[in-house]
Structure formats: C-alpha cells, structure tokens
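Reviewing the structure listed below.
The values are calculated or read from the model by the stated rules, or taken from the named source; none is laboratory data. Just so it is clear, the model here is predicted, and its values are computed rather than measured. Heavy atoms of the whole protein, side chains included, go into the accessibility calculation; ligands, DNA and RNA do not. Shrake-Rupley method; radii C 1.70, N 1.55, O 1.52, S 1.80 Å.
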Amino acid sequence: QVQLVESGGGLVQPGGSLRLSCAASGFTLEYYAIGWFRQAPGKEREGVSCISSYGRGTYFADSVKGRFTISRDNAKNTVYLQMNSLKPEDTAVYYCARSPGGFCSSNNDYWGQGTQVTVSS
C-alpha cells in the first residue's frame, strides 16, 4: 500500500529550526518527485518545496528561499525539509505529496496526513 507519513513538527520560537520528515512505504521514493505543501487556517494550500526524482532539480517558494532545504535519504526512503530562521508566518500544517512521472507537479496522487508547525514566542 502506498503511504506517506510526515513527522517532526512542533512548537519553535522565531529564528529557530525544525526538520520535517516524509517517510514513504509501498513504493520507492527515489523514482518520484516529492513536494512539501502547507496550509494555515482560513488560507489556501501553497507549495513550499519539491525535489525531482534522481536529483534532477529542486523548487522553493520565494517566501522560503534561503531558509529551507529539501533532501532525500534513499536508504531510509525518506525526504526531509530542513527549515531554518523560522518566522511566525511559517505556522501551518505541512504535508508531503507524491508526483507521478518523476517531475514536480501540482497534480499529486498521494498525500500524507500532515504535521503541525507552530512558530511563536
């Protein structure tokens, strides 16, 4: 069964860091593009970052460029989102999703359940 499970969220002060994990099962993550999305209450879901299969490319939203890093650990079948210099506006539920074909896309076929990130003093 295809499954994506996010973890690593929590409460952090402004300027702090968190590392989110997206653990895949039922498929080989290396063959797919994996994206990170976030949604705050009352706001639309937005794309945050994405990594293409085989390291062909990465994407970052303008709001997180220079602060977030996306990476893969193929041995653990996991994608990570390292978030540094966090701001209160980063507060949201963060989701990872699978994109068919190995390229980043807004049309994703499987999603994780989400993990809450709260940035507050």
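Numbers at a glance
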read-out: Inter-part distance where the range 1-46 and the range 67-102 are each reduced to a Cα centre, Å; value: 5 Å
read-out: Percent of Cα pairs exceeding the 15 Å cut-off, where the set is the range 33-79; value: 48 percent
read-out: Those aspartates and glutamates that a straight Cα-Cα span of less than 20 Å connects to Lys87, excepting residues fewer than 8 apart in one chain; value: Glu44, Glu46, Asp62
read-out: For the range 106-114, 3J(HN,Hα) per residue [Karplus equation, 6.51 cos²θ - 1.76 cosθ + 1.60, θ = phi - 60°, Hz, x = Gly/Pro]; value: 7, 9, 9, 9, 9, 10, x, 7, x
read-out: Accessible carbon and sulfur surface of the range 9-78 relative to its total accessible area, %, 1.4 Å; value: 46 percent
read-out: Relative contact order, percent, the chain [alpha-carbon distance under 8 Å, six or more residues apart]; value: 36 percent
read-out: Probe 1.4 Å, accessible area per residue of the chain, Å²; value: 52 Å²
read-out: Most mobile of Gly26, Gly47, Gly57 in a GNM of the chain (Cα contacts under 10 Å); value: Gly26
